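Here the structure is laid out as structure tokens; the discussion comes afterwards.
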Amino acid sequence: MNSLTIRRPDDWHLHLRDGAMMRGVLPETTRHFGRAIVMPNLVPPVVTGREAAEYRDRILSAKPKGSKFRPLMTLYLTEETEVRDLRAAAEIGLITAVKLYPAGATTNSASGVRDMGRVRRVLDNMAQIGLPLLVHGEVTDPEVDIFDREAAFIERVLDPIRRETPGLRVVMEHVTTRDAVDYVREGGPDLGATITAHHLVINRNHILAGGIRPHYYCLPVAKREGHRRALVEAATSGEASFFLGTDSAPHTDAAKLQPFGCAGCFTAPNAISTVAEVFDRAGALDRLEAFASLNGPAFYGLEPNADTITLAKGDAVPYPAQVETGDGPVTVFDPGMDLHWRVT
Ligand code: DOR
Ligand code: ZN
């Protein structure tokens, strides 16, 4: 097979940032993706409906001419989130989901939730209206090893939330472990998971063995090879619970390459080619469309994109090593292998 036409993919987890950075990185997403769930972890975070509307408008005005890209907005859940504001934003279709960051778990998560009891009423309301909760699934307990934080989150936080809030729709974002894959598989139609392009490719050796490589550092951090294989198996299975969310998370090189470097892999330019390469190697190109273009919309109750993209197989696909932004250069994810599937 040398050519593949699929419905246009969506990105179910994306960091677009704001200002000059957003203007620099947005075209890298709109080139390939029809829609994206836009993360709300700006500084300060997107907490109210009004802030989401203003952010959406800034994205729309930065969009390249002629692009039909649709940003799907989210609110950042805090212990002060107001039910009335959240319901109003959901009712008019302004927001598609709400994001839970445990306080301190990752980049710009300081306003996140410390005590789940304080968001109880919000979660009950979300269950009533079918508004999905997107979770950054890591505990922040300093006693828990960083490689175990996802598994601990399932047991300590996610499973209790789901038991206490029947009907709550949940997406476990950027899963990195076999534990998460197994949990999602057993979770029924109200539980889904996004998987990134980079977690399909790298394991923890890529970050740490033979020299430290900050551009591979993201959160949740990549785990052992066995976990990566479980992710590839889940993504390529075609199962409805698993869909592509790149978690493309641009930081300038200046912010990545320092003693206290930021977490995030910037994959927007080559995410589709990377995922196609992984599926090709797994002999699963016939399921690429389910993962990249069909399962996500089905979970969110949306139609797949009406248009298509065509991927052609050939020589190594060119993509820039860096993307220039008004804030400085951002290094593009290096999958460590030639990519052969180009979006034509
Ligand atoms: O690596 C990450 N980067 N993980 C996150 O959860 C946040 C993201 C960011 O905003 O940079
Ligand atoms: Zn993210």
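We did not get these values from a lab; they are worked out from the coordinates using the rules stated. Since we're looking at a predicted model, the values are computed, not measured. Here Cβ is always computed from backbone atoms with ideal geometry, including for glycine, and neighbour counts include all displayed protein chains.
Rank the residues SER241, SER61, SER67, SER111 as a footprinting-exposure proxy: fewest other Cβ atoms within 10 Å of their Cβ go first.
Ordered from fewest to most neighbouring Cβ atoms within 10 Å, SER241, SER61, SER67, SER111 come out as SER61, SER67, SER111, SER241.
Please report the spacing between the Cα centers of segment 243-260 and segment 287-321 in Å, no decimals.
22
Between SER61 and ARG31, take the C-beta separation as r, use R0 = 25 Å, and let me know the FRET efficiency to the nearest 0.05.
With a Förster radius of 25 Å, E is 0.90.
Is the shape of the chain rounded, prolate or oblate, going by the alpha carbon gyration tensor and its root eigenvalues a ≥ b ≥ c, with a/c under 1.5 for rounded and a/b larger than b/c for prolate?
rounded
Please name whichever of LEU168, LEU158, TYR183 sits farthest to the positive end of the charge dipole of segment 124-194, dipole taken about the Cα centre and charges placed at Cβ: Lys and Arg +1, Asp and Glu -1.
Positive-most Cα among the choices belongs to LEU168.
Work out how much length GLU233 to LEU94 would gain on full extension: take 0.36 nm times their residue separation and subtract the Cα-Cα distance, in nm to one decimal.
So the chain would gain 46.6 nm between GLU233 and LEU94.
What order do you get for 327-333, 88-94 when each peptide is scored by the mean count of other beta carbon atoms within 10 Å, highest first?
327-333, 88-94
For the ranges 194-202, 229-237, what's the packing order if you count other beta-carbon atoms within 10 Å of each residue, average per peptide, and put the highest first?
Going by the mean number of other Cβ atoms within 10 Å, highest first, we get 194-202, 229-237.
Could you check the spin-label model distance between ASP315 and ARG156? Points 7 Å from the Cα along Cα→Cβ, value in nm.
In this crude label model, ASP315 to ARG156 measures out at 5.2 nm.
Starting from the amide H of ILE37, placed 1.01 Å from N in the peptide plane, find each other amide H under 5 Å away whose residue is 5 or more places distant or on another chain.
Sorted by chain and number, the residues that satisfy this are ASP11, TRP12, HIS13, LEU14, LEU72.
Tell me, in nm to one decimal, what length is gained between ALA298 and ASP115 on full extension, where the rule is 0.36 nm per residue of separation less the Cα-Cα distance?
Net length gain for the segment: 62.7 nm.
Quick one: putting +1 on the C-beta of Lys and Arg, -1 on the C-beta of Asp and Glu, what dipole do you get for the chain around its Cα centre, in Debye to the nearest 20?
Dipole about the Cα centre, nearest 20: 580 debye.
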